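Engineer: This structure is in structure tokens; I'll ask about it shortly.
The values are calculated or read from the model by the stated rules, or taken from the named source; none is laboratory data. If you're wondering where the values come from, they're calculated on a predicted model, not measured in any experiment. Please note: Cβ atoms are built from the backbone with ideal geometry, for glycine as well, and neighbour counts cover all protein chains shown. These area figures cover heavy atoms from the full protein model, side chains too; ligands, DNA and RNA do not enter into them. Shrake-Rupley method; radii C 1.70, N 1.55, O 1.52, S 1.80 Å.
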Amino acid sequence: MAFEKARTWHTKLLKPFVDRMSNVDPATLTWISVFFAAGACYLLATASRDSDGGWKLVGAFALLFVAAELDALDGAVARAYDKVSKYGDWLDHTIDRLVDLSLLIAIGINTAWISVHWLGWAAATMTLLGSYMGTQAQSVGLGRNYGGFSRADRLVTTFVGIFLGAIMAFQGISDIEIPDGISNLVGLSQINALSAVLVISLIGGIWTFLTRASSSRKELLDGE
């Protein structure tokens, strides 16, 4: 949730761009972001541990950055020019969920970086369940629940992981050994920058699900 607080600051940075987009359909920006995100996923899934893989991770970082900025711009443009719509809201949230899951799965299927391949699917599943708890709260008359490990938190974690992964690839840095106690808990004997993204996202997803479910339950019971 920490990085959610930076949204206002980020919106101000986008204002010069928003001011030039009065004739732009926000949904167009949303759809364009999908292509950049898809490119990032491909590079994440195929990056090796050598310098070529390092450049792929640099490319993934750049493409994901553009996708994230377009994702932020669509909402800013919609609000600035009174183009907010139910369709736009639905489309934005649907694409967000697909991108969230695709990034984690793409990292998880990379055989050069990830040895425990269920980790990507597990992180994606818990991320989806955490998001579901937020929208489910809204569906029963509560406000949108943004508690827990937010999308902004996860996105920043992914950016950091990709950046550090690129450094590991360029410098030939090996994975870090995990102590036996922790290793038995998470199912990993070694960890690197990209597998750390999955572990953090998995734990964050579980925390988000429990946090949002608990707060929604309390609000509903208190309201009866």
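Engineer: Have a look at 70, 104 and point out the one that is under 30 Å from residue 189 (Cα atoms) and either part of a helix (DSSP H, G or I) or touching a helix residue (DSSP H, G or I) at 6+ places or on another chain (Cβ under 8 Å) (or both).
Structural biologist: 104
Engineer: Here is a follow-up. Could you list, in sequence order, all residues of segment 58-101 that are open to solvent by less than 50 Å² (accessible area, probe 1.4 Å) and in contact (Cβ under 8 Å) with a residue 60 or more places away in the chain?
Structural biologist: 60, 64, 68, 72, 76, 88, 91, 92, 95, 99, listed by residue number.
Engineer: Say we look at segment 172-189 and pick out the residues that are of a type outside the set (A, V, I, L, M), at pLDDT below 85 and not in a helix (DSSP H, G or I); which of these is most open to solvent (accessible area, probe 1.4 Å)?
Structural biologist: Residues of segment 172-189 of a type outside the set (A, V, I, L, M): 172, 174-175, 177, 179-181, 183-184, 187, 189.
Now restrict to residues that are at pLDDT below 85: 177, 179-181, 183-184, 187, 189.
Retained after the next criterion (residues that are not in a helix (DSSP H, G or I)): 177, 179, 187, 189.
Details: 177: 121, 179: 81, 187: 43, 189: 70 Å².
Step by step, filter segment 172-189, then rank; the result is 177.
Engineer: Can you pull out the residues in segment 108-122 that are open to solvent by 30 Å² or more (accessible area, probe 1.4 Å) and either touching a Ser or Thr at 6+ places or on another chain (Cβ under 9 Å) or part of a loop (DSSP other than H, G, I, E, B) (or both)?
Structural biologist: Correct list: 109, 111, 112, 115, 117.
Engineer: Filtering segment 123-150 down to residues that are over 20 Å from residue 200 (Cβ atoms) and surrounded by 14 or more Cβ atoms within 10 Å (Cβ to Cβ), which residue is modelled with the lowest pLDDT?
Structural biologist: Top of the filtered list is 145.
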